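Here the structure comes first, spelled out in structure tokens, and everything after it is commentary.
The values are calculated or read from the model by the stated rules, or taken from the named source; none is laboratory data. Fair warning: this is a prediction, and the values are worked out from it, not measured in the lab. Note that each Cβ is placed from the backbone with ideal geometry, even for glycine, and that neighbours are counted across all protein chains shown. Note: accessible area is taken over every heavy atom of the protein model, side chains too, but ligands, DNA and RNA are not part of it. Shrake-Rupley method; radii C 1.70, N 1.55, O 1.52, S 1.80 Å.
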Amino acid sequence: MADAKDVSNPRAAWAGRTASQKAGLALSAFLLLFLLADAIPKILGVEFARTATEGLGFPPYQTYVIGWVLLACIVVWVVPRTAVLGSVGLTAYLGGAVTIDMHHEAWFPVVFAVAFGLLIWGALILRRPALLKVLVSGDE
């Protein structure tokens, strides 16, 4: 019988996960789709993304840069070995969004970005339950 860590058999790998790990993967997949829906239009220079970015006071060319930074953070977050670093990067990205939105006194986006950041960390903790122990107590 295949080991749960065997990546050659996806069914065995999925069956070897706990319910919280499965929930974390499902939440991560939802968040991934949402983040990609934010990054890709910025990278492609879609009109609504450029207009929204310019409306926040950024020059048009920075729309691409913001999109690539977000995509880099997403890739690092999706890879299991670097997921914690990716969560830190996404938290920093969202922190910048919160700062800009607070400057423009747009409160719904502030609350949304903070909640989204909490969901990112929550999904990661569900995927890797041992991480909660490290974050809370500092012990491995």
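Scan THR51, THR63 and give me the residue that is touching a helix residue (DSSP H, G or I) at 6+ places or on another chain (Cβ under 6 Å) and more than 20 Å from PHE30 (Cβ to Cβ).
Working: THR51 fails: touching a helix residue (DSSP H, G or I) at 6+ places or on another chain (Cβ under 6 Å).
Result of the check over THR51, THR63: THR63.
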Task: Odd one out for TRP14 among (1) assigned to a helix (DSSP H, G or I); (2) modelled with pLDDT of 90 or more; (3) loosely packed, with under 13 Cβ neighbours inside 10 Å - done: (2)
- [ ] For LEU31, state whether it is part of a helix (DSSP H, G or I), open to solvent by less than 50 Å² (accessible area, probe 1.4 Å), more than 21 Å from LEU132 (Cα to Cα) and of a type in the set (A, V, I, L, M, F, W, C).
- [x] no
TODO: Scan the helices (runs of 4 or more DSSP H) fully inside segment 44-140 and keep the ones with 2 or more residues being buried (at least 16 other Cβ atoms within 10 Å of the Cβ).
DONE: 47-55, 62-78, 83-103, 107-127
Open item on the list: Need pairs with beta-carbon distance below 6 Å; first residue in contact (Cβ under 8 Å) with a residue 40 or more places away in the chain and within segment 121-138, second of a type in the set (Val, Ile, Thr) and surrounded by 14 or more Cβ atoms within 10 Å (Cβ to Cβ); sequence gap 6+ or separate chains.
Closed with: LEU131/ILE125
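Among the candidates PRO80, PRO129, single out the residue that is within 13 Å of the chain's Cα centre (by Cα) and modelled with pLDDT under 95. Before you say what the answer is, go through the steps one by one.
Details: PRO129 fails: within 13 Å of the chain's Cα centre (by Cα).
Every option except PRO80 fails the conditions.
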